[in-house]
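K.L.:
This is the structure I want to talk about, given as structure tokens.
The values are calculated or read from the model by the stated rules, or taken from the named source; none is laboratory data. Computed from a predicted structure; not experimentally measured. Note that each Cβ is placed from the backbone with ideal geometry, even for glycine, and that neighbours are counted across all protein chains shown. Remember, those area values only see protein heavy atoms, side chains included, never the ligands or the DNA or RNA. Shrake-Rupley method; radii C 1.70, N 1.55, O 1.52, S 1.80 Å.
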Amino acid sequence: MFRLWAGSCRGSLRFARHFSTDAPPGNVPQQVWNKLGKNLHLQHQHPLGIIKAKVENYFETRHASNPHVEPKYRIFDNLNPIVSTKQNFDDLLIPLDHVTRRKTDTFYVDEQQVLRTHTSAHQTQLMRAGHDAFLVTGDVYRRDEIDARHYPVFHQMEGVRFFSLQQLGVNSIEAAAPLVKQDLQNTLAGLARYLFGNVDMKFVDAYFPFTDPSMELEIFFHNIWMEVLGSGVVHRQIVANCGVEDRVGWAFGLGLERLAMVLFDIPDVRLFWTEDRRFHDQFKSGEVVKFQPYSKFPVCYKDMSFWMPSSFHENDLFESVREIAGDLVECVEKIDEFVHPRTNQMSRCYRISYRSLDRNLTNQEIDDLQQQVRDLAVKKLYVTLR
């Protein structure tokens, strides 16, 4: 099973069709719909904006130092996050039966449009427009688990570069592909050193439907091997579909939150969305500094056990908890599972961890939230509480 990748022309945010920005359409919850247009990556003193600027500066520096070889990358960082299923899936060769197309995994605006699950959704439209070197950055949306590193909204950066056979000094696509792969690896190795210093790194074979060959870059940082990004040579069918068969290109995708949490030492993904000045006042444009925790409020655990219907999906539970508790929920984890020996019905117990990043929560407040979560689980997920 493959994963989707965990970018000057500055467009404006335009909502597709006639959707109101007040009422969320499709299976998009209000909390997620409210995030559209926040554009944390465009805030220059926000950690995500700082990382974005550093990556863009790396490519600009490469161009400035060798303009006859290195192109100037066009920057797209405010494209509409509502895209068609064709853009998000079909154009990228994602199989019709793949899990990422399901409504349990993706936010559908309607049957033909989704909140993009990756910035790769814009790759083919920019290729067809004639761009051969570009960076795309934006907010992306996925229904996901709840813990310190996952959030239904996060930010990605996509990089794409294409070469003509003449640029590569070869006469065939077959001869060009290895050269493009090597250029990709050299480029990404330079980016890793630019961001993390002189670290050990390795490229690991991977599978993505839109690149062939595909690879992930891992670095040895803080005494562990850490995945930094996914990449590969753009699939020939995508190239042909975009009408640029005479070119060969590479692409990569990286998650800004993943890099920022490591470089700034930020322990909880919810902090990127806080409005607390004690967080924001620690960061300045162009500087990478270690985050200094300003408080650590106590966590409150609440368990919930229930019999599951056949239609149950964990992501529906996670979304229901977020619908009630928002960013007051820190983690939801399965701690027990039981199958009735006679009925074969399955029961699960989930532990919900409540903790505010900014204040103490009262017992009454948590009890009220937990009761609302239990009531919603019965009403929306058709579970039977134990």
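K.L.:
For segment 380-386, what does the Karplus curve 6.51 cos²θ - 1.76 cosθ + 1.60, with θ = phi - 60°, yield as ³J(HN,Hα) per residue in whole Hz, taken in order and with x for Gly and Pro?
P.N.:
9, 9, 6, 8, 10, 5, 10
K.L.:
Just reorder 105, 200, 303 by solvent-accessible area, largest first, 1.4 Å probe, all chains present. Intermediate values should be presented prior to the final figure.
P.N.:
Working: 105 35, 200 100, 303 70 Å².
So, going from the largest accessible area down, we get 200, 303, 105.
K.L.:
Might you tell me the accessible area per residue for the chain, computed with a 1.4 Å probe and given in Å²? Walk me through the intermediate numbers first.
P.N.:
Working: 17640 Å² over 386 residues.
Value for the chain: 46 Å² per residue.
K.L.:
Using the Cβ atoms and a cut-off under 12 Å, what net charge is assigned to the surroundings of residue 347, where Lys and Arg are +1 and Asp and Glu are -1? Can you show the working numbers first?
P.N.:
Values: positive: 334, 348, 386; negative: 336, 337.
Taking every Cβ under 12 Å from that of residue 347, the sum is +1.
K.L.:
Here's a follow-up. If you average 1/r over every pair of different alpha-carbon atoms in the chain and take one over that average, what Kirkwood value in Å do you get? Write out the running numbers ahead of the final one.
P.N.:
Numbers: mean 1/r = 0.0444 Å⁻¹.
About 22.5 Å for the chain.
K.L.:
Filter 52/302; 35/296; 72/202; 38/86; 202/302; 35/181 down to the pairs with a C-alpha to C-alpha distance above 32 Å, please.
P.N.:
Details: 52/302 38 Å; 35/296 26 Å; 72/202 27 Å; 38/86 25 Å; 202/302 42 Å; 35/181 37 Å.
The pairs that break the limit, which is 32 Å between Cα atoms, are 52/302; 202/302; 35/181.
K.L.:
Highest mean first, how do 71-81, 226-236, 134-144, 306-316 rank when packing is the count of other Cβ atoms within 10 Å averaged over residues? Could the numbers behind the result be given before it?
P.N.:
Values: 71-81: 19.3, 226-236: 21.2, 134-144: 23.2, 306-316: 15.4.
Averaged packing, sorted descending, gives the order 134-144, 226-236, 71-81, 306-316.
K.L.:
Further, regarding this structure: Hey, any idea what % of the chain's accessible area is carbon plus sulfur with a 1.4 Å probe?
P.N.:
Values: 8430 of 17640 Å².
Ligands and nucleic acids excluded, carbon and sulfur reach 48 percent.
K.L.:
Determine the order of 63, 46, 68 by accessible area, beginning with the largest, at a probe radius of 1.4 Å. Could the numbers behind the result be given before it?
P.N.:
Working: 63 40, 46 5, 68 180 Å².
Final ranking, largest accessible area leading: 68, 63, 46.
K.L.:
How large is ³J(HN,Hα) for each residue in segment 336-351, as worked out from phi by the Karplus curve 6.51 cos²θ - 1.76 cosθ + 1.60 (θ = phi - 60°), to whole Hz, x for Gly and Pro?
P.N.:
Working through the residues one at a time gives 7, 9, 9, 10, 5, x, 8, 8, 6, 6, 9, 10, 10, 10, 10, 9 Hz.
K.L.:
Could you pull the Cα extents of segment 240-336 along its three principal axes, largest to smallest, in whole Å?
P.N.:
Principal extents (Cα only, largest first): 58, 46, 22 Å.
K.L.:
Same structure again: Dividing the convex hull volume of the alpha carbon atoms of segment 270-386 by its residue count, what do you get in Å³ per residue? Intermediate values should be presented prior to the final figure.
P.N.:
On the way: hull volume 14.6 nm³, N = 117.
Value for segment 270-386: 125 Å³ per residue.
K.L.:
Same structure again: DSSP loop trypsin sites (Lys or Arg not before Pro) in segment 273-330 with at most 14 other Cβ atoms within 10 Å of their Cβ, which ones?
P.N.:
Details: sites: 277, 278, 284, 290, 296, 302, 322; in loops: 284, 290, 296.
Listed in order of number, the matching sites are 284, 290, 296.
K.L.:
Express in whole angstrom the spacing between the alpha-carbon centres of segment 55-111 and segment 287-331.
P.N.:
Spelled out, the Cα-based centre of one part sits 28 Å from the other.
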